[in-house]
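One structure is given below, encoded as C-alpha cells.
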Amino acid sequence: MELGPRDRLSQAFEGEREKGRTIEGPYGEVVHLDLRHLGEKVIDEKLPFVRELCRKYEKIDPVEELIPVRPVVHYMIGGIDVDMDGATSLAGLYAAGETACININGANRLGSNSLTALLVFGARAGRAAAEFARGSGDPPRSVLAQALEEEERLHGGVLGRSTEGGERLASVREDLLATMESRAGIFRDEAGLRAGISEVEELRRRFADVALDDRSLTFNTELAHGLELENLLDVGETILCSALERTESRGSHQRTDHSGRNDADFLAHSLCYREEDGSCRVEFEPVTITRWPPAERHYGG
Amino acid sequence: MENAVDTVTLKVFRYRPETAPEPEYETFEVPYQEDWMVLDALNHVKDEMDGSLSYRWSCRMGVCGSCGMTVNGEPVLTCATYIEDLLPGPIRIDPLRGFPVIRDLVGDLGDFMAKLPRVKPWIIRKEEEPLDAGETLQTPEEVGAFRQYSMCINCMLCYAACPIYEMEPDFIGPAAIALAQRYNLDSRDHGADERMDVLSRKHGVWDCTFVGECSVVCPKDVDPAGAIQRYKVTATMDWFRSLLRPGRSG
Amino acid sequence: MALKPPREPLVWALFSAGGMVAALVLPALAGILWIAAPLGLLGPLDHEGLRLLAVHPVVRIGMGLLLPLFFFHWAHRFRHTLHDGLQLYHLSRFIALVTYGVALGLSLGALWILWSLG
Amino acid sequence: MRSREEGAATGPDRATTGSDRAPPPAEAGTRGGEIPQELHAMGDRGAPPVQENPRHTRYHPKWHRQPTPLTWWTRNRRYRAFILRELTSVAVLYAAVLLLIHLLALDRGPESHAAFQAWLARPGVVAFHLFVLAALLYHTVTWLNLAPQAIALRIRGRRVPSRIVLLAHHFAWLALSAIIVAGLLFALGDPGEAPWP
C-alpha cells in the first residue's frame, strides 16, 4: 500500500480512521509511516529530504523512528481551462502551472506532473503570451476602463471597508479550510456537498464583513490575502458544485453515495460557470481520447 | 519540569513608508507553543493581532526560501527557527540585511534577480543536440560534482550574511557565484568561458575576502564560500594559462 | 572588447601562495629564532654556524622566494582589511596602489639584500 | 534605530553605506512611462496620505536602507574571528621584515649579531614576539582550516572528504615545522654543547 498513489493512500487512511486505528496528534489524527527497514544508507541516498524534514520539523529520525503522516490538500488537479498553449477563453489571458488546468492530470495527479505543467506547458504559455503581445496593439479603452473599475473596487471596496468590529480574515480562511476538508475531502456525498455549498455561502457573507488592518498601498500582504480568500471562496464553491454534479467515483473524487466509475456519463471534464445570479452551473465536456483510452487502474501492494 | 513560559515577546521591525518616515520596533506578546517556529509567531500576529504586519512566506518547510529574516541579529529562515531555541526572549526580528526595505520585514530582492541571469545559470551547449538524440546521461560521480550547489533555494540568507555585499552592493554575491559553479561543474555544460567574463571581472569573485559567513547561514549546506574560493583557484589557473597561450583572450 | 585582462588573479595567487608558506614555516621560524633562542632555551648560539646557513645559496634562493610572497600576502590582505573593514571604497585605487607598491618595494629591497649578502 | 531619512529621497545615501546601489527600478518613473496617466491619478483616490517626497510614486514610495556601521566586524563572534584573521597579515609582514633584519645582522658579523640577540632577549621584545607568534599561529590554524573549503580534491570522481584534506594540511605543517626546528637547532647549537645527545 505504501507504493500506492496518493488518492488510494488517503482513502486507506480514512478507512483506518473509521476503524479507530489512527493516532491523535497535535494537528489531527495520524498514522505512522515506517522507513526503518530501508536503513540509513538508502534513506540518505534516496530520501534525504524526507529525513531532513523529519529531523528539522518533527525532531525525529526516520532511520530509527516512525513518521506521523496524514492526508492534506497538496495540489489542484483542476484549474483555469486552457488550451495547449495556456490560452484561456479570454483573449490575451494565459495561465500556467497549478493555476491552469492543462488536463495532464486526469482524475488524479501523478507525482512530478507539476514539473511537466511548469517546464513544458509553462514555457509554451510564456511563448504564446509573448507572441500574442507582439501581435496586438495597445489595449483598447474598454480594457483600461475595466482596470480602473477593478482599482476602484480594490480601493473603495476592499481597502475602504470599516475596521470596526469586523470579521478577521484568518477566521474565515480557517473555516473555509475546515468546510472543504470535511465536505469535499477524501470521501464525499450529496448531503455533505450541499451542506458545504451553503456553508461557503455563509462564509461569503462573513467575508463581506472582513476588515483589513492594512490600508497601505506598499506591499500590502493583507490585501493580497484578502483577495486570495475571495478567490478561494470561488474555487471552493466550484469544487463543491462540480463534485455534487459528478455522481460517480473516479480518482481523487470518491462519492460514498455513487461508488464506481461511470464512463457512459462522466468520461468528461467538469466546467463550472458563474451564472448571472451568482450560482454555479456545471457542464461536462467529453474527453478527447487520442492514444491511450482510460482503463481500470491496478496497483500492486 | 513544567514549562514556565507561556508567552514570548517579539520585537518586530516596522517600516511604514507612507505614514512614518522612520522605522521603529513594535512589540507583540504572543502565546508560546513548543513546536512553534518564529514564522508561526509572526503568522499569529498577522492573523490575530495586527494584519498589517508585512513579510514574505510560503511553504513553511524550508524549501521555498521566502521567509528569510534577521532574528536576533542572525539571518535565518523563520520557518525553520524554533522559538524554543530563543527563549526567554524578547526575540528581535529585522528584515534581511543588505537589501533595501520596502515595508516592515520585506526587502527588495530585485538586485539579486538582476544579477542572477548575468552568470547564466543554465546549461550552455556548444551545439544543441536534436531531441531524438536522447538524454544526456551522467554518472552519479558527475552529478556529485555539482549536486551540492544545486540545492540553493535563493533564500538570500547568504547575501544578508555577507558584509561585502552589504557595503559593496555591486558584488555579484555568494548565491549567484555558487549557482554559476553549479553549471560550470556540470559535465553537460560548455559555458564556463562565458561565465568567466562575469565571475572573474570587477565585482566578481575577487571582491570576496572569504568571511565565510554565507556558508555558515546557508540552510541547504550549499557552501557558497567554498564555491567562490574554488572559483578563484580556477580563474587564477585560467589566467596563468592564458599568459602561456597569448592567442586566447584572457 | 577593450577590457584589460584582470590583474586580480595575479595578486590573489601571490596572496594565496604567501599565506600558505607563511602558515607552514613562520611559526616554527619565529618560535625558534625570536623566542627560544634569545631566551637561551637552546644554549649558547653558534653565530658562525647560523651565518653559514643564512648565506647558503639554497637558503638565499628560498628566502628570495618566500619574502616577496610574505609581502604580497600582507599587501593583498591588508588592502581588503582597510578597504572593507573601514569602508574606504572611495579610496579603493589608492589603497591598492599603496599596499602593492609597498610590497613591491620591500620585495625588491629584500632581493637586493639577499643578493649582496656574504 | 538609526536610519537615513532624506537620503533616500535623492537616491541611495552614499555617505553612510559607501555604496551606490541602483535605485529601485520603479521609483524613478521607469514604469511611469508605461502606465497610462489615468491609473496614476486613480491611485491617489481614497488612499492614506503619503509623506511629501517628490521621488515617490503611489505604488513605490520609499525604500529604507539600513546603514552599515563602521564597526560591522564586531557584530558577532565569527566576524570578530574573521577580522583578527585578516589582521594577522600584519604579523606576517613584521616577521618577514624581521627575518631580513636577522639576516643582515648575521651578515654584518658576530658583534652585530650579538647586539641583535641582546635586543631580541629584552623582556619587552620577547613579550611582543610572543604576541607575534600567537598571531602567526592563529594565521596558520585559520589558513589551514579553510583549506578544505577552497580545495575540492577528487580522486576517481569522488570528492576527498574535507577531514582528510584538513588532516593532510596540518600534517604537512607539523612535518615542515619539525624539519625547520631540527635544521635551526643544528645550525644554532654550539657543536660543543649541542642540546641533543
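The values are calculated or read from the model by the stated rules, or taken from the named source; none is laboratory data. What you see is a predicted model; the values in this text were computed from it and never measured. Virtual Cβ from ideal backbone geometry, glycine too; neighbours counted across all protein chains shown.
Kindly establish whether C:V58 is under 20 Å from C:V21 (Cβ atoms), assigned to a helix (DSSP H, G or I) and more than 17 Å from the chain's Cα centre (by Cα). The answer is yes for C:V58. Looking only at the range C:71-96, residues that are more than 15 Å from C:L10 (Cβ to Cβ) and among the hydrophobic types (A, V, I, L, M, F, W, C) come to 8 in all. In the set D:A178, D:A168, only one residue is out of contact with any Gly (no Cβ under 9 Å at 6 or more places or on another chain), assigned by TED's automatic domain parsing to the domain that holds D:T140, surrounded by 13 or more Cβ atoms within 10 Å (Cβ to Cβ) and among the hydrophobic types (A, V, I, L, M, F, W, C); that residue is D:A168. Taking the criterion of being within 14 Å of chain B (Cβ to nearest Cβ) and at pLDDT below 85, the residues of the range C:1-48 that qualify are C:M1, C:A2, C:L3, C:K4, C:P5, C:P6, C:R7.
Restricting B:I153, B:I177 to residues that are assigned to a helix (DSSP H, G or I) and within 21 Å of the chain's Cα centre (by Cα) narrows the list to B:I177.
Checked against the criterion of being surrounded by fewer than 19 Cβ atoms within 10 Å (Cβ to Cβ) and over 23 Å from D:L136 (Cβ atoms), the candidates C:L91, C:L41 yield just one match: C:L91. Among the residues of the range A:164-205, those identified as basic (K, R) and either surrounded by 16 or more Cβ atoms within 10 Å (Cβ to Cβ) or touching a residue at least 60 places away in the same chain (Cβ under 8 Å) (or both) are A:R168, A:R173, A:R183, A:R188, A:R204. In this entry, B:R60 is excluded by the filter for residues that are surrounded by 20 or more Cβ atoms within 10 Å (Cβ to Cβ), modelled with pLDDT under 95 and either within 14 Å of chain A (Cβ to nearest Cβ) or within 30 Å of B:M151 (Cβ to Cβ) (or both).
Look at B:S54 and say whether it is modelled with pLDDT of 95 or more, in contact with a strand residue (DSSP E or B) (Cβ under 8 Å, 6 or more places away or on another chain) and part of a loop (DSSP other than H, G, I, E, B). Spelling it out, B:S54 is indeed modelled with pLDDT of 95 or more, in contact with a strand residue (DSSP E or B) (Cβ under 8 Å, 6 or more places away or on another chain) and part of a loop (DSSP other than H, G, I, E, B).
The single condition from (1) under 19 Å from the mean Cα position of the chain (by Cα); (2) within 12 Å of chain D (Cβ to nearest Cβ) that B:K232 fails is (1). Of the residues making up the range D:160-168, none is β-branched (V, I, T) and under 27 Å from C:I35 (Cα atoms). From the list A:V31, A:V63, the one residue that fits, being modelled with pLDDT of 90 or more and either touching a His at 6+ places or on another chain (Cβ under 9 Å) or not in a loop (DSSP other than H, G, I, E, B) (or both), is A:V31. Looking at C:V58, C:V102, just one residue is surrounded by fewer than 19 Cβ atoms within 10 Å (Cβ to Cβ), under 28 Å from D:A81 (Cβ atoms) and away from chain B (no Cβ under 14 Å), and that residue is C:V102.
Does at least one position in the range A:114-123 carry a residue that is touching a residue at least 12 places away in the same chain (Cβ under 8 Å), surrounded by fewer than 17 Cβ atoms within 10 Å (Cβ to Cβ) and in contact with a strand residue (DSSP E or B) (Cβ under 8 Å, 6 or more places away or on another chain)? No - not one qualifying residue is present in the range A:114-123. Here the condition is being modelled with pLDDT under 95, of a type in the set (S, T, Y) and farther than 20 Å from B:W57 by Cα; of A:T218, A:T179, A:T163, A:T238, it holds for A:T163 alone. The sole residue among D:L184, D:L146 that is within 12 Å of chain B (Cβ to nearest Cβ), in a helix (DSSP H, G or I) and of a type in the set (A, V, I, L, M, F, W, C) is D:L146.
Considering only residues that are within 13 Å of the chain's Cα centre (by Cα) and crowded, with 23+ Cβ neighbours inside 10 Å, look in the range B:180-216 and name the one that is farthest from the other protein chains (Cβ to nearest Cβ). Among them, the one singled out is B:C214. Against the conditions (1) in contact with a Lys or Arg (Cβ under 8 Å, 6 or more places away or on another chain); (2) modelled with pLDDT of 95 or more; (3) at the interface with another protein chain (Cβ under 9 Å from one of its Cβ atoms), B:P17 satisfies every one except (2). Of all residues assigned to the range B:10-21, at least one qualifies as being surrounded by fewer than 17 Cβ atoms within 10 Å (Cβ to Cβ), within 17 Å of B:V106 (Cβ to Cβ) and among the β-branched types (V, I, T).
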